[in-house]
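All remarks here apply to the structure that follows.
We did not get these values from a lab; they are worked out from the coordinates using the rules stated. Bear in mind the structure is a predicted one, so any value in this text is a computation, not a measurement. Here Cβ is always computed from backbone atoms with ideal geometry, including for glycine, and neighbour counts include all displayed protein chains.
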């Protein structure tokens with residue numbers, strides 16, 4: 001069903017960034033940022049960037065030099081690698097707190113028809129060089145994508161994919177603990193968790209591995225989607241771990257897993273608990289969510305004065321048995337295109353360009369965590385928030401007998417349009 | 001301090017949209033949308049638009065035909081006019097509920113040194129043809145900008161500007177009631193309110209005028225900024241009207257005034273009370289907020305499954321007495337550039353292009369309000385929100401003895417980076 005690709009390239013200077021299809025539409029470009037950069041004159045691109053991804057301390061985000069080891073791994077294993085630095089003002093009573101954060105996005109490695117053990121091991125092997133690139137780049141906190149050990153098979157509603165679930169201290173954690181120790185790196189590992197102590201309950205969980213390879217704790221996804229082919233409520237329930245913030249040697253982090261990004265209260269709760277960086281490991285597809293993707297993450301970073309690291313998997317995953325989608329369309333065997341586009345949003349409304357829409361990638365962001373408090377001091381969102389008003393309102397709202405505050409036009413039933 | 005403008009125009013095909021300054025930067029373009037439209041090839045622009053302002057029912061927003069009367073007024077009085085239509089799916093058990101919403105943005109009319117009465121009357125005169133253009137275009141609900149009867153003088157901290165405050169049934173309301181009756185139009189009128197029954201208390205208030213010219217009610221700004229030159233807390237306090245939703249003959253509307261847009265809970269509360277359209281009449285300047293402007297409104301529309309109408313005033317207002325800004329820079333007499341850019345965001349993550357960054361303007365948006373419930377049914381944000389968790393959390397948070405949920409790495413004080 002692919003549209004036929006034209007031999008002729010897009011006119012202007014955007015050849016490198018896209019291909020034109022026979023219906024006149026374009027495809028194949030790596031990211032919005034690169035498409036605009038290759039299509040606009042430098043002064044127009046600069047102004048467009050100011051509006052679209054903001055400024056940090058009055059300037060565009062600085063690119064960071066990528067070390068040769070990481071560059072070599074990226075070209076040898078064909079993954080996108082980009083690196084940026086968020087600045088903060090120098091303070092007089094507090095040292096800068098510079099950390100490097102890494103986000104990894106990737107496609108699965110073997111077809112979903114391969115033996116499960118092979119599929120999982122192949123993903124492990126694929127991730128090794130990307131994690132090494134992060135480690136050799138001095139990344140302090142690394143986050144992988146949602147359910148990274150497996151295809152995102154929840155669209156199928158087949159229960160056999162539950163076999164991929166493992167305890168929080170299981171195989172995938174053990175695999176990552178080696179890297180955590182080797183690179184003195186905190187690793188956030190989002191997996192399908194099997195809770196042995198609670199009768200084999202399945203959870204969507206992020207395991208937090210400390211920089212010494214220890215397990216600091218875990219967080220379970222708070223909000224479970226029922227939209228499109230995201231049949232996750234078939235597999236696991238709403239998390240029971242609250243909104244923990246993990247105090248690591250590099251800073252205070254939280255994890256808002258996937259669909260939780262649509263819930264401003266979920267973002268808020270991590271903020272109220274003191275998070276400085278909140279990761280949003282996700283799996284989401286183009287037609288459903290691509291225009292929403294940067295908005296929700298950036299809004300959360302602004303509203304809560306913290307950094308947000310957004311990760312989405314890459315590629316199209318085809319499953320053995322076709323399934324329908326509740327949209328009246330014919331059965332099909334894939335979930336749609338996971339569009340990657342991982343990025344980091346700053347509390348000052350600045351944002352990195354996104355990783356590729358099509359390729360595996362590593363995004364490295366250096367940030368001075370002092371920026372969070374500086375933005376709180378500047379904008380005062382916490383102090384002007386009137387939380388007592390909303391504590392009261394929500395307490396009333398959750399009661400079945402809640403009556404909304406509605407003021408009706410008294411003439412409403414006497415006149416009409 | 002204006003940068004010198006070059007005679008040579010920007011290369012490419014973007015001459016119409018911008019001018020190049022001697023330092024290579026650009027200025028003078030009307031909107032991001034028009035700048036991109038004039039700089040990109042049609043297929044690239046189409047894809048960029050899909051990512052930046054989304055699709056509505058799978059297509060770009062349709063422009064609406066603008067009636068000749070409105071076109072004439074717009075060219076005679078030199079204001080921007082744009083019109084778009086948001087579609088929704090046809091339902092089988094409910095008729096479409098089509099309404100036309102108008103947003104007006106404008107600069108002040110006379111210098112701030114003119115007699116106050118003249119300043120106010122001049123704004124009234126300036127607005128007449130724009131309101132007539134809205135009325136003759138069949139606008140059902142019209143919203144003006146924040147404190148529309150006056151310059152945004154709160155930067156000065158001079159109390160004499162309080163003279164512009166008037167009762168909710170005062171001169172500006174009477175002025176608008178005539179248009180409400182003439183055009184059978186609901187009008188949202190954000191003014192500086194003087195509360196005579198409470199000892200001349202000043203509020204930042206939106207008066208809701210019904211389509212019969214009656215006053216349905218009012219809402220007072222909930223969150224007051226203390227940032228940059230927004231010294232509004234010098235003039236008025238946090239509103240005491242809750243989060244009312246006004247049931248008008250055309251639909252249920254709420255008003256989130258200006259700085260309240262930075263507070264996701266404020267947006268949420270209007271949503272919980274049943275709003276289908278929430279207006280955000282604002283006054284905000286370029287360096288402080290321009291990259292945040294579309295993000296917060298669009299996020300609110302998505303998260304709460306309602307339409308958001310965002311309005312910002314236009315131009316640079318120069319005041320008689322110079323003032324400092326608490327930023328160590330020299331005294332100056334203006335607030336910076338109010339960048340206009342009013343727009344409407346849909347619950348499906350689609351968004352209209354913005355009005356001009358420089359000119360007065362009227363944005364007309366036709367919308368089928370059924371889209372709100374359709375998005376609630378599709379995404380299920382309300383049902384998956386777990387409000388009881390957050391009612392509990394906020395109740396604990398507002399207590400002075402609140403302890404955040406922090407899980408510390410037990411090795412934290414044994415090792416370091």
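Going highest first, how would you order B:195-202, B:66-73, B:387-394 by mean Cβ packing within 10 Å?
B:387-394, B:66-73, B:195-202
Distance from the Cα centre of region B:243-278 to that of region B:99-167, in angstrom?
Each part's Cα centre sits 22 Å from the other's.
Relative contact order (percent) for region A:178-235, with alpha-carbon contacts under 8 angstrom and 6 or more residues of separation?
Across region A:178-235, relative contact order equals 28 percent.
Can you give me the C-alpha center-to-center distance between region B:314-350 and region A:359-402, rounded to a whole angstrom?
Using only Cα atoms, the two centres lie 24 Å from each other.
If you consider only alpha-carbon coordinates, what radius of gyration and Dmax does region B:24-94 have, in Å?
Over region B:24-94's Cα set, Rg and Dmax evaluate to 16.1, 58 Å.
In nm, to one decimal, how far is the modelled label at residue B:318 from the one at residue A:382, with both set 7 Å along Cα→Cβ?
Going by the 7 Å Cα→Cβ label model, 4.1 nm.
Give me the inter-chain shielding for B:258-269: mean count of other chain Cβ atoms within 10 Å, whole number please.
Mean partner-chain Cβ count within 10 Å for B:258-269: 6.
Let me check against my output: what whole-number percent is the relative contact order of chain A, with C-alpha pairs under 8 Å and at least 6 apart?
18
Provide the gained length on full extension for the span residue B:171 to residue B:399, in nm with one decimal, where the gain is 0.36 nm per separating residue minus the Cα-Cα distance.
On the way: separation 228, 0.36 × 228 = 82.08 nm, distance 4.36 nm.
Result: 77.7 nm gained on full extension.
Counting helices only, and only those DSSP H runs with n ≥ 4, report the 222 nm mean residue ellipticity of chain B as the sum of -39,500 (n - 2.57) divided by its residues, in deg cm²/dmol to the nearest 500.
Working: 10 runs with 110 residues, N = 417.
Value at 222 nm, helices only, nearest 500: -8000 deg cm²/dmol.
Percent relative contact order of region A:129-267, based on C-alpha pairs within less than 8 angstrom and at least six residues apart?
So the answer I get is 22 percent.
How far, in nm to one decimal, is residue B:92 from itself in the other copies if the label point is set 7 angstrom along Cα toward Cβ? Shortest first, please.
Copy-to-copy label distances at residue B:92, shortest first: 7.1 nm.
Would you kindly work out, in nm and rounded to one decimal, the distances from the label point of residue A:402 to those of the same position in each other copy, ordered shortest first, with label points 7 Å along Cα-to-Cβ?
Result, one decimal in nm: 1.9.
So, in nm, how far is label residue A:373 from label residue B:78 when the simple model puts each one 7 Å beyond its Cα toward the Cβ?
5.0
Looking only at region B:293-325, which residues have a backbone nitrogen under 12 Å from a spot 7 Å from the Cα of residue B:287 in the C-beta direction?
Label zone hits: B:325.
Under the convention of a label 7 Å out along Cα→Cβ, give the distances in nm from residue B:122 to the same position in every other copy, shortest first.
7.3
How many partner chain Cβ atoms sit within 10 Å of a residue's Cβ in peptide A:375-387, on average, as a whole number?
That average works out to 5.
For peptide A:28-35, how many partner chain Cβ atoms fall within 10 Å of a residue's Cβ, on average?
So the per-residue partner count for this stretch is 2.
Rounded to the nearest 0.05, what FRET efficiency do residue B:118 and residue B:159 give with R0 = 30 Å and r taken as the Cβ-Cβ distance? Could you check?
In this case the efficiency is close to 0.90.
Considering the Cα positions of region A:61-379, please state its Rg to one decimal place and its Dmax as a whole number of Å.
18.5, 64
Averaged over all directions, how much area does the convex hull of the C-alpha atoms of the protein assembly as shown cover when projected, in nm²?
35.8
Subtract the Cα-Cα distance of residue A:178 and residue A:234 from 0.36 nm times their separation in residues, and report this length gain in nm to one decimal. Intermediate results must be reported in sequence, preceding the final value.
Details: separation 56, 0.36 × 56 = 20.16 nm, distance 3.33 nm.
Between residue A:178 and residue A:234, full extension yields an extra 16.8 nm.
Based only on the alpha carbon positions, what is the Kirkwood hydrodynamic radius of region B:62-110, in angstrom?
13.7
Find the Cα radius of gyration of region A:327-416, compare it with 2.2 N^0.38 Å by division, and give the number to two decimals.
That works out to 1.94 for region A:327-416.
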